[in-house]
Structure formats: C-alpha cells, structure tokens
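The values are calculated or read from the model by the stated rules, or taken from the named source; none is laboratory data. Keep in mind that this is a model prediction, so the values were computed, not measured. Cβ: placed from backbone, ideal geometry, glycine included. Neighbour counts: every protein chain shown. Side chains are part of the model used for accessible areas, which takes the heavy atoms of the whole protein and leaves out ligands, DNA and RNA. Shrake-Rupley method; radii C 1.70, N 1.55, O 1.52, S 1.80 Å.
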Amino acid sequence: MSYNGYEFYDVDANFDNYMERRKGKENANDTLEKPVICELLGEVNCKKTLDLGCGDARFAKELFDLGCEQYIGIEGSSNMVERASTFLVGQQGKVIQTSIEGWDYPEDTFNLVVSRLAIHYIEDIDSMFLKIYKTLTSSGSFIFSIEHPVITSTLQPSGIRTNWIVDNYFKDGFREQQWLGGTVHKYHRSIEDYFRALQRAGFSVEHLRESTPRREHFENEATYERRLKIPLFLSLSARK
Ligand SMILES: C[S@@+](CC[C@H](N)C(=O)[O-])C[C@H]1O[C@@H](n2cnc3c(N)ncnc32)[C@H](O)[C@@H]1O
C-alpha cells in the first residue's frame, strides 16, 4: 500500500519507526533543520502561530518560550495528534486534526505561519500559499522547511529508486518513496518553483537556507563529514 503524507504516519509501524528515528543521537532534524528554523524565527512576531503539519507539536514549546501566546497546529495523522496532547498540557495551544489542504483558514489572524517538513507532501502549493497569505496579519511571516529538492529529485513516480543521482530535476510533481518500511507519496519541485510560488502568492521572500552543517551541532566528526556531502533540507522565509 502507498499512502499520502498523513495516512503514512497512521500506519503504526511507520509511525514507530519515525519516532524512533527522531530520538536518534545527532538526527538530521535536530542537527540540520531545527537550528535554521530557530534562526529564521529570529525577530519575528510569533504571538499567534499556526503550525501546518505540526506532527506531535513538539515545536510548540520553543514557540511558547519565544513569546507565542496562541498556538494552533494542523495535523492529519491521528497517531500524531494523540501524541501532541503531551506537548501541549497547560498551554494555550491546540492541534486540529484535519488536512492542510482542507482546513478553513481564517483571514487576517496569525502573525506567524510555520511548516516544518510537511510541504513536500502537498500537491498544490499555489492554493496553499494563497491561503497562508490571507490568514497572516499585515507584515506576518511564513517560515517553512522541506526536504531539499536535490533529495526529492532522486525519487521517481514509480517509487523505484535506482540510485541517488539527481534526475528529472525540472519535472515537478508526484514521486513515491520507500521509507521507514512503508511507501509514501511526495511532490518534487525545484528551488525556483518554491521561490516563485511564494512570489505569486504575494509574499516578499526574505531568506533561503540549505541547512549547511555546522560543526558545533555535531559531537561526532564522522557524522559531520557525512552531512557535508549532500543537502538534506531547504528552508525559506517570507513576509506578507
Ligand atoms: C516529517 S513530519 C514533521 C512533523 C513536524 N512538523 C516536525 O517537524 O516535527 C510531517 C508531518 O506532516 C503531516 N502531514 C503531511 N501531509 C499532511 C497534510 N496534507 N495535511 C495534514 N498533515 C499532513 C504528517 O502527518 C506528519 O505529521
């Protein structure tokens, strides 16, 4: 069976494997993706934050520490939503179980919209970015990370990866991946596609980052050297 982005995490074996990987010492999320997202948050106003594809909402804690007063997570997987309750105890936060595509985004509501490693599961980013633009207050920020297009380009629609060579880079669209013991749908787009989709929605793009490995985030020299080989994540920040 092949699953879309959130159905995949409702297969218990996939969910358990994912959670196990997140616990791993020097895992890529914590050493490469998170430091960049935290830097991009910098001076932004995160008073009312919307987190799309929030997973278990572990990011809420960091946001509350930064002054976030209201947190809403959107998440399609019931396994993730169940786990999220542990991270939100006693906080002004909630997770709504629905799809990113289907939620009814209230206009002019959030100072910050974040999305970490979920947008490569979305087929139509033009519609999504327009909804995000509308739900942001004036000068609000949109910050997101995705699997780097160099990585998603090595996946193919057939799901059969014959190598790790960048291929069909300029053919955007559906890709299938054997991952963590299951099969999941993803969508590949070039860096330019993401950049221009933000501009089409009306955003001013402010930062583009590729999670360049930083030595201080690694205890293990060999892991650091390995991470210098290929880019794993792309992050962008934009302003309304
Ligand atoms: C790789 S996980 C990242 C979770 C979290 N953002 C983090 O960084 O810890 C991607 C999450 O996006 C959710 N997701 C993927 N596609 C979705 C969709 N179309 N609607 C809602 N959630 C989605 C998945 O269920 C999963 O929890």
message: Yes or no: the range 49-70 includes at least one residue that is part of a helix (DSSP H, G or I), modelled with pLDDT of 95 or more, surrounded by fewer than 17 Cβ atoms within 10 Å (Cβ to Cβ) and not hydroxyl-bearing (Ser, Thr, Tyr).
response: no
- prompt: Can you tell me which residue in the range 194-224 is most open to solvent (accessible area, probe 1.4 Å), limited to those that are of a type in the set (D, E, K, R) and either assigned to a strand (DSSP E or B) or touching a Phe, Trp or Tyr at 6+ places or on another chain (Cβ under 9 Å) (or both)?
  reply: ARG200
field: Residue check, THR183 assigned to a loop (DSSP other than H, G, I, E, B), among the polar types (S, T, N, Q), out of contact with any Pro (no Cβ under 9 Å at 6 or more places or on another chain) and closer than 30 Å to TYR3 by Cβ
entry: no
query: If you go through the range 140-173 one residue at a time, how many are within 17 Å of the chain's Cα centre (by Cα) and part of a strand (DSSP E or B)?
result: 7
query: Can you name every residue in the range 86-114 that is small (Gly, Ala, Ser) and more than 7 Å from the ligand (Cβ to nearest atom)?
result: GLY90, GLY93, GLY102
query: For residues in the range 71-85 being polar (S, T, N, Q) and surrounded by fewer than 19 Cβ atoms within 10 Å (Cβ to Cβ), which is nearest to the ligand (Cβ to nearest atom)?
result: SER78
task: Return the total of residues in the range 1-13 being in a helix (DSSP H, G or I) and more than 10 Å from the ligand (Cβ to nearest atom).
output: 2
